[in-house]
2 protein chains.
Amino acid sequence: MKEFLSELAEYLAIPSVSAKPEHAEDCLRAAGWVGGRLGEMGFATRLVDTGGHPLVMGQRRVAGRVPHLVVYGHYDVQPAEPLELWKTPAFELVVKGQKAYGRGVADNKGPTLALLAGLSDALAKNPDLPLNITCLIEGEEEVGSANLHKTLSALKKELGHIDAVLLSDTSSGSHKDLWITTGLRGVMAFDISLQGLARDLHSGNGGPIPNAVRELTRVLGGLYDAQGWVRIPGFYKGITRGAKAEMAALKRIFTPAEFAHEIGAKGYYRMDGMSPFEVNRFFPSLELNGIYGGYQGEGSKTIIPARATAKMTCRIAPGQDPDALRRAILAEIEKRVDKRLFDLSIKIHEKGTAAYATSLPHLSARVKADTSVFAAAFGAVHSAVKEATGNPPQYLREGASIPVLSNIKRILGADAIMLGLFREDSLLHSPNENVDLRLLKIGREVWADFFGRMGAVRGR
Amino acid sequence: MKEFLSELAEYLAIPSVSAKPEHAEDCLRAAGWVGGRLGEMGFATRLVDTGGHPLVMGQRRVAGRVPHLVVYGHYDVQPAEPLELWKTPAFELVVKGQKAYGRGVADNKGPTLALLAGLSDALAKNPDLPLNITCLIEGEEEVGSANLHKTLSALKKELGHIDAVLLSDTSSGSHKDLWITTGLRGVMAFDISLQGLARDLHSGNGGPIPNAVRELTRVLGGLYDAQGWVRIPGFYKGITRGAKAEMAALKRIFTPAEFAHEIGAKGYYRMDGMSPFEVNRFFPSLELNGIYGGYQGEGSKTIIPARATAKMTCRIAPGQDPDALRRAILAEIEKRVDKRLFDLSIKIHEKGTAAYATSLPHLSARVKADTSVFAAAFGAVHSAVKEATGNPPQYLREGASIPVLSNIKRILGADAIMLGLFREDSLLHSPNENVDLRLLKIGREVWADFFGRMGAVRGR
């Protein structure tokens with residue numbers, strides 16, 4: 001563990017914030033660091049030019065008909081702001097008891113390193129392990145993996161058939177209660193900006209003068225009702241309700257009150273009494289991630305602001321068409337803006353990827369009878385989790401998104417196995433992001449055991 | 001003019017931003033600078049402790065029953081942000097042709113210096129001018145003059161009877177078309193903050209989770225309708241409509257289209273076809289001066305923001321009770337917030353001062369027959385403007401606020417004469433604030449002539 005922590009400290013110290021142009025070189029450094037790590041493991045490694053931050057690709061090929069497993073992870077992280085809310089330096093690994101803190105320690109540097117360490121352990125134990133393995137560690141997950149599509153298409157021939165994609169970029173209950181994520185929502189991201197004046201104006205003119213901040217609150221505030229529903233025609237089109245088995249599993253894990261407490265909320269939008277777990281996984285969401293306009297300093301400043309911007313993301317539910325949903329949202333916003341007075345500009349960061357679901361929702365008699373390598377992998381992770389923790393994994397959907405999985409499935413035809421190695425209270429994307437080191441340790445053991453088990457599986 | 005500009009350059013270079021604690025020393029420097037200027041003019045000058053930024057008081061007393069005139073101005077300025085929109089350095093006087101640029105050049109450093117220069121000229125011409133004059137140059141006008149009330153009450157006895165307050169802190173059409181402002185709206189200022197989570201949360205949880213930015217747009221956006229009206233019960237209570245003479249004067253000055261062009265707007269809120277000039281002067285307004293919450297950087301950040309804040313000001317129309325209006329606004333906001341999920345905090349910067357109107361709305365037969373010193377002063381400024389420009393002044397209300405005038409009237413019993421020395425396009429409170437130097441020059445002449453004429457008026 002000591003060596004693992006010193007590696008994680010090195011990796012975490014590189015502020016590879018993909019959203020910020022000023023961190024482009026840090027992203028390159030992080031890519032180089034990961035490439036070096038894969039090289040040490042004996043992988044043939046290169047940085048693939050994506051047009052954006054590079055993709056780190058490491059390959060291990062053996063002779064014969066063996067399974068081909070892809071390890072996926074990302075070396076980029078979310079911005080660390082607001083910095084003043086961090087209790088420890090954001091880009092420094094700080095360990096306190098069983099917890100480690102730092103930007104990316106949970107999303108995704110810690111879990112990726114645990115996966116790679118497990119793989120390393122399996123290869124150390126059996127250097128001739130009959131598995132083809134490709135590691136794809138990308139640098140644009142936090143900005144929507146937009147450049148990865150064409151890169152994957154370009155690599156398709158070289159990669160050949162893939163049996164399963166392996167990743168640890170989702171959550172679990174604890175090191176005793178590991179979760180396998182079987183589905184995720186899709187995501188789109190865009191900014192809405194309004195301008196009503198050539199420049200800020202003295203608010204002594206106020207009353208009849210177009211105020212961009214006021215219009216933005218009117219336009220966006222009107223998209224929501226007091227129950228928490230989004231009031232856009234077609235917004236909930238295509239959704240499916242949570243299956244009974246999944247809803248029951250969710251209930252086993254925690255109550256809504258426990259979950260609210262864990263995330264620091266007093267409660268949930270009423271939403272006509274719908275389970276927040278169901279809403280979070282089976283309904284789309286439209287969140288305002290940030291808003292700004294006018295004066296933000298101390299005291300008051302009597303201006304009518306010329307401009308205002310809101311940053312929005314929409315999570316796309318299983319069953320929904322991202323293009324139709326995007327059109328519905330933007331059409332409603334366009335409709336609500338008084339264009340006689342305001343210039344509306346919409347900047348799309350991420351057009352929208354569909355929700356993802358594995359072909360196997362949970363380990364069942366059907367999966368056991370399935371002779372595919374993917375079903376074998378699904379069984380192997382099940383057994384490895386049971387072996388390490390004494391408990392079988394829980395099979396759950398998540399409300400978050402890993403857009404690349406839909407693209408991998410579409411382009412490369414492979415399904416994913418997602419073993420969660422952070423917790424719901426790990427504060428992903430927030431100050432004081434943290435991870436339970438026991439979870440990383442058990443994750444490493446599970447993955448090592450998993451790769452060992454897969455060595456016994458015949459390839460296609 | 002050269003000497004005047006060099007003085008103005010010195011004064012403007014002091015960044016006396018009263019709203020920002022880090023500029024407290026600059027405010028003190030500006031107070032000292034003004035005090036020095038008054039001392040040079042032979043005034044007995046001191047800095048009066050207000051509990052906030054000091055009040056500069058300069059006194060000239062002569063024997064006998066002479067008029068007592070108070071010159072009012074303020075040495076503090078608005079914050080200069082956003083700095084990147086300034087074409088010249090904000091705190092540096094830059095002269096281009098007839099225009100001078102810089103924060104405070106119009107509001108209020110340039111006009112105050114023009115008034116003081118006029119007074120200086122009158123005293124140079126007649127050192128024995130039979131007038132008592134008190135200069136009160138405060139440092140908290142831009143933050144609501146909150147500390148001035150009790151200071152004025154404390155000075156009341158020392159000041160004795162006051163016949164008129166003189167100031168140049170309003171607008172005019174041009175150096176050929178001077179305006180006397182006869183009324184202003186009141187103002188209140190407050191911040192509305194919401195918190196729905198202990199900390200920012202990954203938006204993968206989005207849908208059922210309280211989002212403070214979303215709630216803030218819903219709560220505040222719902223206060224406005226698409227016509228531009230404020231939807232708060234009691235918001236328009238007590239208002240009076242613009243008198244015919246005043247509305248006619250406004251129409252003489254510019255058309256709504258011309259005014260919109262001048263301020264950089266495409267048009268006005270519809271407001272059922274109401275004249276924007278009437279709405280701006282005779283109706284209250286509720287403006288969002290700024291808003292912030294969540295992520296504001298490049299690209300996207302998938303969080304549910306924990307906190308959001310809006311900065312608001314309300315202009316109080318003639319006839320309205322500030323306390324009742326404040327209660328109505330805050331009650332509606334309180335009512336709209338879902339307090340089960342969100343903590344609401346309201347920070348009041350300025351409780352609210354009533355609209356101000358002089359006892360004399362314009363020069364009329366009634367004013368000419370009035371034997372008060374104030375009526376004589378009203379006549380003197382009328383004649384001085386006619387003499388200097390060839391045209392009589394226009395008598396108009398303004399939509400802006402100078403809260404101290406209501407307090408001076410209430411506490412010291414004196415009415416104000418407001419000669420406008422900047423223009424509607426002077427960009428007060430905005431980047432590239434500017435002033436027409438011809439207007440400052442003519443203002444100096446008018447005020448010099450005015451003081452000369454007042455020397456012939458007998459005191460009470």
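Observations
- The local environment of A:Glu387, defined by Cβ-Cβ distances under 14 Å, has a net charge of +2 under the rule Lys, Arg +1 and Asp, Glu -1.
- Taking the three principal axes of the alpha carbon atoms in the stretch B:118-266, the coordinate ranges are 78, 43, 30 Å, sorted in descending order.
- The spread of Cα positions in the stretch B:15-142, taken along each principal axis and listed from longest to shortest, comes to 55, 40, 19 Å.
- Accessible surface, per residue, of the stretch A:153-285 when the full set of protein chains is kept, probe 1.4 Å, Å²: 33
- A:Lys237/B:Arg231 FRET efficiency (R0 35 Å; Cβ-Cβ; nearest 0.05): 0.70
- The protein assembly as shown: mean projected area of Cα convex hull, nm²: 39.7
- Cα long-axis angle, helix B:244-253 against chain B (0 to 90 degrees, to the nearest 10): 90
- Couplings for the stretch A:317-333, taken from phi via the Karplus curve 6.51 cos²θ - 1.76 cosθ + 1.60 with θ = phi - 60°, read 7, x, x, 9, 8, x, 5, 5, 5, 4, 4, 5, 5, 5, 5, 5, 5 Hz in order; Gly and Pro are left as x.
- Between 0 and 90°, nearest 10: helix B:148-159 axis offset from chain B longest Cα axis: 20
- For the stretch A:365-460, alpha-carbon Rg relative to the globular expectation (2.2 N^0.38 Å, N residues): 1.21
- Protein accessible surface hidden between B and A, which excludes ligands and nucleic acids, total in Å², probe 1.4 Å: 8200
- Label-point spacing for B:Ala243 across the identical copies (point 7 Å from Cα in the Cβ direction), in nm and ascending order: 7.9.
- If the Kirkwood radius is taken over C-alpha pairs of the stretch B:143-214, then at 20 °C and 1.002 mPa s the Stokes-Einstein diffusion coefficient equals 115 µm²/s.
- Principal axes of chain A: Cα extent on each, largest first, Å: 78, 46, 46
- Put simply, the amide H of A:Ile417, placed in the peptide plane, has neighbours under 5 Å in A:Val165, A:Leu166, A:Leu167, leaving out anything fewer than 5 places away on its chain.
- Seen against the Cα atoms of chain A and their longest principal axis, helix A:437-454 is set at about 50 degrees.
- Mean-position separation - Cα centroids, the stretch B:220-269 and the stretch A:336-366, in angstrom: 40
- Position B:Ser359: other-copy label points at 9.2 nm, ordered by increasing distance, label point 7 Å along Cα→C-beta.
- Listed by chain and number, the lysines whose alpha-carbon sits under 16 Å from that of B:Lys409, ignoring those within fewer than 8 places in the same chain, are B:Lys150, B:Lys156, B:Lys157.
- Mean partner shielding of peptide A:219-227, defined as the number of other chain Cβ atoms within 10 Å of each residue Cβ, is 5.
- Carbon/sulfur fraction of accessible area - the stretch A:276-400, other protein chains in place, 1.4 Å, %: 48
- Cα point-scatterer Debye curve for the stretch A:303-352, base-10 log of I(q)/I(0) at q = 0.26 Å⁻¹: -1.14
- Shown in residue order for the stretch B:212-225 are the 3J(HN,Hα) couplings computed by the Karplus curve 6.51 cos²θ - 1.76 cosθ + 1.60 at θ = phi - 60°: 5, 5, 4, 5, 5, 5, 5, 5, 7, x, x, 7, 10, 10 Hz (x for Gly and Pro).
- Share of pairwise Cα separations in the stretch B:49-114, more than 19 Å, in percent: 51
- Across the identical copies, the label point of A:Glu10 (7 Å from Cα in the Cβ direction) is separated from its matches by 6.3 nm, in order from shortest.
- Amide H contacts under 5 Å for B:Asp200, placed H, 5+ residues apart: B:Ala306
- Rounded to the nearest 500, the 222 nm mean residue ellipticity of chain B from helices alone is -10500 deg cm²/dmol, with -39,500 (n - 2.57) taken per DSSP H run of at least 4 residues.
- Note: the stretch B:230-361, Cα convex hull, 165 Å³ per residue.
- Chain A's nearest residue to the axis relating it to B, judged by Cβ and reported with the distance in whole Å, is A:Gly221, 1.
- Calculated FRET efficiency, B:Glu10 to A:Arg61, Cβ-Cβ distance, R0 = 56 Å: about 0.15 to the nearest 0.05.
- Between B:Arg46 and B:Asn126, the simple spin-label model (points 7 angstrom out along Cα→Cβ) gives 3.0 nm.
- Flagged links, alpha-carbon separation over 25 Å, of B:Lys20/B:Lys96; B:Lys251/B:Lys351; A:Lys87/A:Lys109: B:Lys20/B:Lys96; B:Lys251/B:Lys351
- Residue-wise HN-Hα coupling along the stretch B:356-372, computed from phi with Karplus coefficients 6.51, -1.76, 1.60 (Hz; x: Gly, Pro): 10, 9, 6, 6, 10, x, 6, 6, 9, 4, 4, 5, 4, 7, 6, 9, 6
The values are calculated or read from the model by the stated rules, or taken from the named source; none is laboratory data. As the structure is a prediction and not an experimental result, all values here were calculated from the model. Counting neighbours? That spans all protein chains shown, and the Cβs are built from the backbone with ideal geometry, glycine included. Surface accessibility is based on the protein's heavy atoms, side chains included, excluding ligands, DNA and RNA. Shrake-Rupley method; radii C 1.70, N 1.55, O 1.52, S 1.80 Å.
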